[in-house]
Amino acid sequence: MRIVDTHCHLDFDVFSEDLEKIIDRARNVGVTKMITISTKLSNFPISLNIASKYDGVSCSIGVHPHEAGREGQTELSDILKHTSHPKVVGIGETGLDYYYDTSNSKVQMESFLTHIDAARTSKLPIIIHSRDADLDMISVLEKEYSKGPFTGVLHCFTGSLALAQKAIELGFYISISGIITFKNSQELVSTVKEIPLTNLLVETDAPYLAPVPFRGKKNEPAYVIKTHEKLAEIMDVSINQFAQITTTNAMTLFSKIASHDNFSRKD
């Protein structure tokens with residue numbers, strides 16, 4: 001069984017002391033690919049170094065909406081100059097987050113639109129963070145897609161069915177995290193049941209949101225197996241079938257990772 005953790009943050013300090021062991025634990029449960037997701041351009045060299053050091057690990061480039069104000073204006077050229085690197089497989093994470101007041105909505109929107117331009121130009125998928133912003137997100141996706149197609153994923157999805165349906169209509173994927181294993185996730189479960197298997201991805205968002213039975217602990221890519229198990233149960237398919245489908249989905253969206261070898265460390 002092969003599994004892809006499509007969204008984790010291996011560049012975070014919390015992983016710095018035992019990253020090798022974390023990658024080994026992931027490999028031991030069948031996680032053959034991981035994408036470490038950029039949250040700010042100032043940390044991108046760390047992400048790229050990790051991705052370059054380990055086969056089976058890739059990265060993205062982008063600025064999280066929480067960081068949009070602190071990072072300053074993101075220029076299109078700042079993103080595009082790195083997109084030809086073989087280990088850079090996506091743009092983001094970017095998007096809109098109205099839950100926290102860390103960056104004002106105008107700054108977030110400007111950053112988001114720059115990332116969309118980068119995705120459209122580079123032909124790499126965009127990794128979208130959306131929280132408490134469903135209506136604006138639907139509007140932006142519709143408007144921007146009409147200017148020229150681009151593809152991507154709504155990561156760590158907890159939004160409305162309407163947002164999921166609009167994203168799927170545009171050919172996007174929906175990525176589900178360990179939140180789906182939480183007791184209070186009934187509404188999300190109902191939404192997930194309406195999503196075609198061919199549009200689903202799975203992620204940890206490590207070090208955050210560890211699935212049950214690890215909830216409250218530092219999350220890591222190996223724990224994505226628990227989210228797979230829960231989603232396979234919800235979708236009424238075997239864990240092996242579900243893993244095969246979501247791995248195919250991940251390889252389709254993040255097409256550059258198909259050329260990367262699995263987990264042999266580069267010395």
Report every pair of residues separated by at least 6 positions or lying on different chains whose Cβ atoms are under 7 Å apart, first residue within the range 129-140 and within 10 Å of TYR98 (Cβ to Cβ), second among the small types (Gly, Ala, Ser) and part of a loop (DSSP other than H, G, I, E, B). SER130/GLY159; ASP134/GLY159; ASP134/SER160
Search the range 247-261 for residues that are under 18 Å from ILE225 (Cα atoms) and pair each with any residue that is modelled with pLDDT under 95 and part of a loop (DSSP other than H, G, I, E, B) when their beta-carbon atoms are under 8 Å apart and the residues are at least 6 apart or on different chains. THR247/ARG2
Quick one: LYS143 ticks every box in (1) basic (Lys, Arg); (2) free of Cβ contacts under 8 Å to residues at least 24 places away in the same chain; (3) within 24 Å of SER38 (Cβ to Cβ) except a single one, so which number is it? (3)
Taking the range 1-56 as the region of interest, how many residues are of a type in the set (Lys, Arg) and either touching a His at 6+ places or on another chain (Cβ under 7 Å) or buried (at least 24 other Cβ atoms within 10 Å of the Cβ) (or both)? 2
Unmet criterion (only one of (1) in contact with a helix residue (DSSP H, G or I) (Cβ under 6 Å, 6 or more places away or on another chain); (2) modelled with pLDDT of 95 or more; (3) part of a loop (DSSP other than H, G, I, E, B); (4) not hydrophobic (A, V, I, L, M, F, W, C)) for SER84: (1)
Mind listing just one residue for me: the one in the range 220-243 that is without any contact (Cβ under 8 Å) to a residue 60 or more places away in the chain and farther than 13 Å from THR181 by Cα and, of those, surrounded by the fewest Cβ atoms within 10 Å (Cβ to Cβ)? ASP236
Hey, can you tell me all the residues within the range 186-207 that are part of a loop (DSSP other than H, G, I, E, B) and surrounded by fewer than 19 Cβ atoms within 10 Å (Cβ to Cβ)? LYS193, GLU194, PRO196, PRO207
Checking the structure you have, find out if any residue of the range 25-45 is among the aliphatic types (A, V, I, L, M), over 22 Å from VAL224 (Cα atoms) and touching a strand residue (DSSP E or B) at 6+ places or on another chain (Cβ under 9 Å). yes
Of (1) in contact with a Phe, Trp or Tyr (Cβ under 8 Å, 6 or more places away or on another chain); (2) free of Cβ contacts under 8 Å to residues at least 60 places away in the same chain; (3) crowded, with 19+ Cβ neighbours inside 10 Å; (4) outside any loop (DSSP other than H, G, I, E, B), THR114 satisfies all except one. Which? (1)
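The values are calculated or read from the model by the stated rules, or taken from the named source; none is laboratory data. In this text the structure is predicted, and so the values were computed from the model without any measurement. Cβ coordinates were reconstructed from backbone atoms using ideal geometry, including for glycine residues, and neighbour counts include every protein chain displayed.
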